[in-house]
Amino acid sequence: MILATITHCRLMFPKVTDTEEEVKYKHLFVTYFYKEPLELILHSIENLKTLSHSKEVELLVCLEEGTPDKEDKIEAIRKDHSMHFKELHFSVHPKKVPGEIPGKCSNMNFGLRSMVKYLKANNQDFDPKDYLLTSFDIDTKFDKNYINVLVSQAKELEEAGTLYETIFQPVLYYNWCLENRIILTRITALLRNAMIMGALTPLNINHMSVCSISLELMIEGDFVHPFYQMDDIISYIKWQIKTEKSLNLVALLSPTVSGVPTGKNYCNEIDEWYVQAKRW
């Protein structure tokens, strides 16, 4: 709790880069979905438009081949948002690929590999060190200064020579519509926030569902293992093995709202915990 409190105090005084001249990195935001409703998807992408420098963002949306109404969802996203970002990309992860299981990891792995191929083919001067990659679940809301804070902290670490072995973990608050949840869910959400800020991040254990890294680290770490459901622990381990480096988790001092897996009642809550346990 002491470490979590220190992080929350630091959150009140972030160093923010707010001038066009200082934004030296290219920004790639990547999100994933399967059966989530279109309303939630559009709401989350709408939030990205509030980010400072959002016009400089390349957004990659990763879907599954089995996503219900995927063509309609792609068209709706493209219609509402294609003009706002620097570029809007889509990937559709095919079914039944040998050596994979359905889930976020395989979807993420396919989408990012496809995106890197596209960037290499369409940019003769492509350098992954120029890109900051932000991976996030579709039920995420960013603070408007997220990019500014990320750039400010990234510049400091690049000058120190540690940027390409760093994972930025934003301060996650699991309070998306929390006022409508049962008391058990509310308590769990608070404990998860305390665990991330008080243990997982400062003790270098693993990152969570929303994080930012250099694209150089993602490529050097050989992307994401497609035979797992959840990407956080397995990615952290794999990247350290592939890069032969001890990676650093750094708290990104930008408040970020994330949805919390939950049910509408205690029975549904127990079912959701069972589903989460199977994924882990």
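The values are calculated or read from the model by the stated rules, or taken from the named source; none is laboratory data. Since we're looking at a predicted model, the values are computed, not measured. All Cβ positions, glycine included, derive from the backbone under ideal geometry; neighbour counts span all protein chains shown. Remember, those area values only see protein heavy atoms, side chains included, never the ligands or the DNA or RNA. Shrake-Rupley method; radii C 1.70, N 1.55, O 1.52, S 1.80 Å.
Observations
- Selection over the range 101-141 of residues that are assigned to a loop (DSSP other than H, G, I, E, B) and more than 19 Å from residue 219 (Cα to Cα) gives a count of 5.
Every residue, every condition in (1) in contact (Cβ under 8 Å) with a residue 40 or more places away in the chain; (2) surrounded by 13 or more Cβ atoms within 10 Å (Cβ to Cβ); (3) part of a strand (DSSP E or B), yes or no:
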site	(1), (2), (3)
62	yes, yes, yes
75	no, no, no
79	no, no, no
89	no, yes, yes
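- Flag for residue 222 being open to solvent by 10 Å² or more (accessible area, probe 1.4 Å), at pLDDT 90 or above and more than 22 Å from residue 172 (Cα to Cα): yes
- Taking the criterion of being open to solvent by 50 Å² or more (accessible area, probe 1.4 Å) and on the phi < 0 side of the Ramachandran plot, the residues of the range 146-161 that qualify are 155, 156, 158, 159, 160.
- Residue count for the range 29-52, restricted to those that are in contact (Cβ under 8 Å) with a residue 12 or more places away in the chain, in a loop (DSSP other than H, G, I, E, B) and either under 17 Å from residue 259 (Cβ atoms) or touching a strand residue (DSSP E or B) at 6+ places or on another chain (Cβ under 7 Å) (or both): 5.
- The set of residues in the range 172-207 that are surrounded by 22 or more Cβ atoms within 10 Å (Cβ to Cβ) and within 21 Å of residue 151 (Cα to Cα) comprises 172, 197, 201, 207.
- Helices (runs of 4 or more DSSP H) enclosed by the range 180-258 - at least 2 residues per element that are closer than 26 Å to residue 106 by Cβ and in contact with a strand residue (DSSP E or B) (Cβ under 9 Å, 6 or more places away or on another chain): 215-220, 232-243
- Of all residues in the range 115-128, one or more are surrounded by 15 or more Cβ atoms within 10 Å (Cβ to Cβ) and within 16 Å of the chain's Cα centre (by Cα).
- Every condition in (1) modelled with pLDDT of 95 or more; (2) open to solvent by 20 Å² or more (accessible area, probe 1.4 Å) is met by residue 104 except one, and the failing one is (1).
- All positions within the range 144-178 that are in contact with a helix residue (DSSP H, G or I) (Cβ under 8 Å, 6 or more places away or on another chain), farther than 17 Å from residue 26 by Cα and not polar (S, T, N, Q): 165, 170, 171, 172, 173, 174, 178
- Among (1) open to solvent by less than 40 Å² (accessible area, probe 1.4 Å); (2) within 29 Å of residue 36 (Cα to Cα); (3) without any contact (Cβ under 8 Å) to a residue 60 or more places away in the chain, the one test that residue 135 misses: (3)
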